[in-house]
1. Of the options A:258, A:268, A:236, report the single residue whose Cα projects farthest towards the positive end of the charge dipole of the stretch A:218-292 (beta-carbon charges: Lys, Arg +1; Asp, Glu -1).
2. Shortest first, in nm, what separates the label point of residue A:316 from those of the same position in the other copies (7 Å along Cα→Cβ)?
3. Run through the other copies and list how far each one's label point is from that of residue A:101, in nm with one decimal, shortest first; the point sits 7 Å from Cα along Cα-Cβ.
4. Does the stretch A:1-120 classify as rounded, prolate or oblate by the C-alpha gyration tensor (a ≥ b ≥ c root eigenvalues; a/c under 1.5 gives rounded; else a/b over b/c gives prolate, otherwise oblate)?
5. Distances from residue B:62 to the same position in the other copies: list them in nm, one decimal, shortest first, using label points 7 Å from Cα along Cα→Cβ.
6. Past 21 Å, Cα to Cα: identify those pairs from B:418/B:445; B:142/B:379; B:72/B:394; A:175/A:413; A:360/B:362; B:109/B:142, in the order given.
7. Using the number of other C-beta atoms within 10 angstrom as an exposure proxy, rank A:337, A:452 with the fewest first.
8. Under a Cβ-only charge scheme (Lys and Arg +1, Asp and Glu -1), can you give me the dipole magnitude of the stretch A:1-123 about the Cα centre, in debye to the nearest 20?
2 protein chains.
Amino acid sequence: MSDTQSYIQQNKQRFLDELIELLKIASISADPAYNQDVLNCADAVAKHLANAGADQVEICETKGYPVVYGEKIINPELPTVLVYGHYDVQPADPLELWESGPFEPVVKKTELHPEGAIFARGSADDKGQFFMHVKAFEAMMKTNSLPCNIKFIIEGEEEVGSVSLAGFLEENKEKLSCDVILISDTHIYSNEQPTVTTGLRGLSYMEVEVEGPNRDLHSGLYGGAVPNPINVLAEMIAKLHDEEGRITIDGFYDNVEIVSAEDRAEMNKLKDNPEEFKKSIGLSGVEGETGYTTLERTSIRPTLDVNGIWGGYTGEGAKTVIPSKAFAKISMRLVPYQTDEEITEKFTKYFEKIAPASVKVKVTPHHGGMPYVLQSNTKEFQAAKKAMEKAFGKEVLPYRSGGSIPITSLFEKILGAKSVLMGFGLDSDAIHSPNEHYGLYNFYKGIESIPYFFEFYTQQ
Amino acid sequence: MSDTQSYIQQNKQRFLDELIELLKIASISADPAYNQDVLNCADAVAKHLANAGADQVEICETKGYPVVYGEKIINPELPTVLVYGHYDVQPADPLELWESGPFEPVVKKTELHPEGAIFARGSADDKGQFFMHVKAFEAMMKTNSLPCNIKFIIEGEEEVGSVSLAGFLEENKEKLSCDVILISDTHIYSNEQPTVTTGLRGLSYMEVEVEGPNRDLHSGLYGGAVPNPINVLAEMIAKLHDEEGRITIDGFYDNVEIVSAEDRAEMNKLKDNPEEFKKSIGLSGVEGETGYTTLERTSIRPTLDVNGIWGGYTGEGAKTVIPSKAFAKISMRLVPYQTDEEITEKFTKYFEKIAPASVKVKVTPHHGGMPYVLQSNTKEFQAAKKAMEKAFGKEVLPYRSGGSIPITSLFEKILGAKSVLMGFGLDSDAIHSPNEHYGLYNFYKGIESIPYFFEFYTQQ
C-alpha cells in the first residue's frame, strides 16, 4: 500500500469526526434565517483547507455567500486540477420526518450500508463529498505525493443556483486557470457497480402565480360563477403533460439530443431493477414518458415536475374560501441540446397561452442551468475510471445522471476546462429529503480514489 | 313611531358600541389556539342576553364549544320564536391583507356604505347579525311590546360545521320547542332591493391526500420516472370538471332539482349586473357552467371548488423536490334534492376511481350540510317579507342564496319547525375574507325589522 493510502487508513476515524463537526453547521443558503450559519461554514472550510496544507486560503467575497479558495502550486509547469464543491445545503423541512436532527449527525447501519452511514443534511450533498477532496489532499501533502498543482473553490450558493459564481469565475479567470475540474457532487450507480457520471441534465425553474378575483371570496356566495385560481392552476398544470407523459409546451423537444439505439442499448446494460427501484421508494408502479425505460426517463429525457404548490386555506379544519391567488414552483430538467434560456422562454409563453382569459398569470424564473456531457474517450474520463477501478476493485462504467450541476457548463465556458464528475453517493442517499445520509464505505472509497485520479491524470 | 322603534333610535350608538366590544373577541372556532377566546365570547353573549331581559340564561356545555341559551316566556299559550345565531368566526388569515386588525373593529365609510360600515372579522358573519336580535329583544322588553315567547340559541361551532348542535337539539327538544326559527346569517340582494332568503345550498367538504413515493425525492434523480403527487393531484382536480364547467363525478346531478323555465325567469328578474359584479371582485371575465346566468350558477346549481392546496416546497427560493404527498381541501355546494351524504360518497368513489394506480389516495370528509328551501306562500316567509318592507319602505323579493346554513335542515328534522332566513348583510361584505365588514344601515335596518317580524308573525 502506498504511503498516501496508508495515511488515509490510519486517519479514517479522525476524517469522519471532522466531517461530523462540519455537518453540525446549518448552512442553508435558501433561507435568510441561516445567514450566519452559512458564513460560519465558510470559515470552517477555510480552516480545513489551511490545515490540510493549502496556501493562499481566502474567503472570497461575492454579492452573495463567499467562495472559499485555497491552492498548492508545486510547479507551474505541471498541470492544475481545480476541485469544486459547495458547503451550502438544502433546507431541512419537513423537519418532522427526520429520525434524528438534520444538523445532529448520527452514524447508523442500514441494509444498504452495513458499515454505517452518516445521517445529516449535507452529508452526501455536498459536504461529505467535497470534504473527501480536502482529506485526500491532506493525505497527499503529508506523504509528499501530490503529483501536480491543485486549486480549490468551495462555494456557498449551489443550492440557490450558484448565482454569484459566474461573476466570481470571470473576475478570477487567471487565478483559477486549470486543466481540469474535479467535482464530487453526483452518485455512482451502486456500490457493486461504480460509475463515472458522463452526463447531467440542465434545469429551468419557475415560480408561477395565478390570480382570479382580487380578494378571497366565500365559496358559497361566489362558487360556480368565478374562476377559482386553484382549480385553474390545477387545470393548467394538468395541461403541461399529454396522455403519453410527454411535455406539451410548444417546441419543448425541438433541440433534444436523439440518442442512438446503440447508445440506448449500452445505457440500459446498467442493471435496471424495477422491483427494487419501486420498493426503495414505496411505489406500486412507476410512470413516465411512454417508450422509455426508467433509466432513460431519468437521464436522456427532459422532464417537468411541480416542486411546490400552495393557495387558499391550508390550516386545520375547513374554510370555505375561494382564494384570490394560487402559486406553484415548477421545474424542468433539460437534456443536450436544450438551453435553459430557451426553455424558460418557451414555458413562459405556453403557460400564458393556456391561461383562461379571466385570470392573470405571472411567471418568474428562478435559476437555470445547462445540460452537460463528457465523452468517454477523453483523458479526463479515463483517469477517473481507472482511479475508481483501482479503489473499488471493479469495472467502472460511464453513467448519465438526471440531476443538474449547472456550473459544469459555466466552467467550460469561462475557464475552458472540462469537468470530471466523480461523485461517490448513492441514488438512495435521500439528498434534498429528510434523513439524507452518506455511506461510510462511499466516503472512504472516495478519499482513496482521489489520489489515484491525480496519479493517472498526470501520468497521461 | 312606536315605543319600540323610538327606543331603538335613541340607543343606536350604544348598540354599536356594544357590538364593537363583542367583535374584539377573536372567537375562531377552527383554530385550537383561540380556544379561550371562543369561551370568553360565549360568556359575553350570555351577559348580553341576561342584560337584555332574558331568563334562564345558560352556557350549555356540549362536546365542543358551548351553546348560549336564554328565553322569555310571556305566555305558554302564545307562539314561540327561536332565534338562532353563532358567536364563532372564521379564521382571519391572510392577515397581511387586512387594512385594520381583524379584531380591532373600525367604522369607515365606503362607496356602498355612505353611512359607514364596521370592519372586523365576524361583523357580518355572524356577530353583527345575531346581535341585532339581542338588541331588538331588549327594545321589545324595555317597551313591553314582546308579543310572544322567544328563545335564543347562539352556538360557537357554526364555522366548523355545527358539530355538536344536532346532539344539543336532540337532548333539549322540549326546552327548544318552538313554532318558527328566525336566523340572520344571510344577505339581502342589495340595499335598494331587499330580499328574504328562500333557498340555501348544501355543503360537502372533503380533504384529500395523494401519496406518491414514500419520501421526498430529488427531482433531478427521480423526475420523469415516478408519479409526482402534486402533478397527479392537479390532474385529478382538473378531471373534476368538464369543458362545459359541469362536474364530472358519476351521478353528481342525479338528484338536482330541475327549476322550471318560469321560475328561472322570475329569479333572473333580480338585476344581475355583470359589469358591476366583475368590477367588485376585479375580474375581467366570469366563468361557470354553460347555459346558466351568474345568479343561477350561485344559487340553483351545485358547484365544486378547491378551497386550499398544498404540497412540496413552498418557502423562499427554489428546492428541487418531488414531495411524497400533496393535499387539497375540496368542497361542493349542493342544491335540492342532493344530500351531503350522497355527494360525499359519490365524490370519494370518483376521486379514488380517477387516481392512477401508482399513487395512494385518502379522502376524509370534513363537515356537510343539506340544501334548504322555504316556499314563499308560507306564513313564516310572509311575516319576514312584510316586516322588512315596513323597515326598508321597499318591496321585498324572495331570493335563493349560494351559501350554506346546514343547520336549517337539522332544525326542521329535530324541532319540526321551519327556519326564516332574514339576513341583512350584503354580498360584498367580504365574509370569510380579509376586511369583512357590515353596513351600519344594514345593522340598524335589521334591528328595526325584527320587532315588526314578531308583530306580523303573531298577528297571523
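Here, each number is a calculation from the coordinates, and none is a lab measurement. Bear in mind that the values here come from a model prediction, so they are computed numbers and not experimental data. Please note: Cβ atoms are built from the backbone with ideal geometry, for glycine as well, and neighbour counts cover all protein chains shown.
1. Sorting the options by dipole projection puts first A:236.
2. Result, one decimal in nm: 2.9.
3. Those separations, rounded to one decimal, come out as 3.6 nm.
4. Oblate, since a/c reaches 1.5 and b/c is not below a/b.
5. 5.9
6. Correct reply: B:418/B:445; B:142/B:379; B:72/B:394; A:360/B:362; B:109/B:142.
7. Neighbour counts put them in this order, fewest first: A:337, A:452.
8. I would put it at about 200 debye.
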